[in-house]
Amino acid sequence: MSVLTVENLHFSYGRTKVLKGVSMEFYQGTFYGVIGPNGCGKSTLLKNLYGYLSPASGKVCLDGVDIRRMKSRERSRHIAYVPQETVSGFDFSVFDIIAMGRNPYHSGLDGLSRDDLDHIESAMQDTSTIALRNKSINELSGGEKQRVILARAFTQDSDIILMDEPVSMLDINHQVEIMDLARSLADKKNKTIVCVLHDLNLTAQYTQHIFLMAGGAVVRSGMPGEVLTEEIITGVYNVDVFIGDNKKTGSRIIIPISRL
């Protein structure tokens, strides 16, 4: 059974239509990539999937239940969300930020349990944030902040993790760490990962199913080999590309061709 379904979703900012009849299905244990040109509605889609935004029509259902009927705490036990940008107006420590991932499981008056601490420690190990634990979130670089927010989401231990460009601020070493971890969560822990990505090579290497968006709609859906073709990428992104095969991984390599 699909765990998350999107049915004919429409969303607008004022008079500007951003999502135009989007329908999708997401299954357990699968790593999904959502790609497409800037402004095509990818980030808006994730915010609708999490319930930050409410569609003009259509719905998002979790195991058959419209997420708008779910309380925030209940929804957060099932869905974690990693935003594209995070700004903290308070001087929280890294540990405190990551510990917030356990909030859906107890009231604000409860202290952290041994189970909570185990989840926090594991997430910090996985995201290489242990050395940052006592620092203020406002002291960190953009890449360090991104790893902390990822750790918070992993601490939440939700069945579904939505990630909006999670590695855009990271160096290639940490990009590989985070993408390896996300794929292992799908493969070994049966998590559903939905990841907005701009890097088509990371998309080709890590994702199992791709939704390609353009103009607020899904224009292609399928396995990486079915979606990442020269004809499709050139048509949607309006740029010539060379697509070859990575002999080490078996995935595709996408190289844009200069117009000069």
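Numbers below:
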quantity: Filter pass, H209 being within 16 Å of Q28 (Cα to Cα) and in contact (Cβ under 8 Å) with a residue 60 or more places away in the chain; calculated: yes
quantity: Answer residue from the range 227-248, given it is among the acidic types (D, E) and either in contact (Cβ under 8 Å) with a residue 12 or more places away in the chain or in a strand (DSSP E or B) (or both) and is farthest from T16 (Cα to Cα) among those; calculated: D245
quantity: The listed residue being surrounded by fewer than 13 Cβ atoms within 10 Å (Cβ to Cβ), at negative phi and either of a type in the set (F, W, Y) or in a helix (DSSP H, G or I) (or both), out of D118, D110; calculated: D118
quantity: Where K188 falls short, out of the listed (1) touching a Ser or Thr at 6+ places or on another chain (Cβ under 8 Å); (2) among the charged types (D, E, K, R); (3) surrounded by fewer than 19 Cβ atoms within 10 Å (Cβ to Cβ); calculated: (1)
quantity: Flag for Q205 being outside any loop (DSSP other than H, G, I, E, B), within 17 Å of I254 (Cβ to Cβ), out of contact with any strand residue (DSSP E or B) (no Cβ under 9 Å at 6 or more places or on another chain) and of a type outside the set (D, E); calculated: no
quantity: Every pair of residues 6+ apart whose Cβ atoms lie under 7 Å, when the first sits in the range 50-65 and is more than 18 Å from Y13 (Cβ to Cβ) and part of a loop (DSSP other than H, G, I, E, B) while the second is modelled with pLDDT under 95 and β-branched (V, I, T); calculated: D63/V3
quantity: Test result for V167, free of Cβ contacts under 8 Å to residues at least 40 places away in the same chain, more than 28 Å from D63 (Cβ to Cβ), of a type outside the set (G, A, S) and surrounded by fewer than 18 Cβ atoms within 10 Å (Cβ to Cβ); calculated: no
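The values are calculated or read from the model by the stated rules, or taken from the named source; none is laboratory data. Just so it is clear, the model here is predicted, and its values are computed rather than measured. Here Cβ is always computed from backbone atoms with ideal geometry, including for glycine, and neighbour counts include all displayed protein chains.
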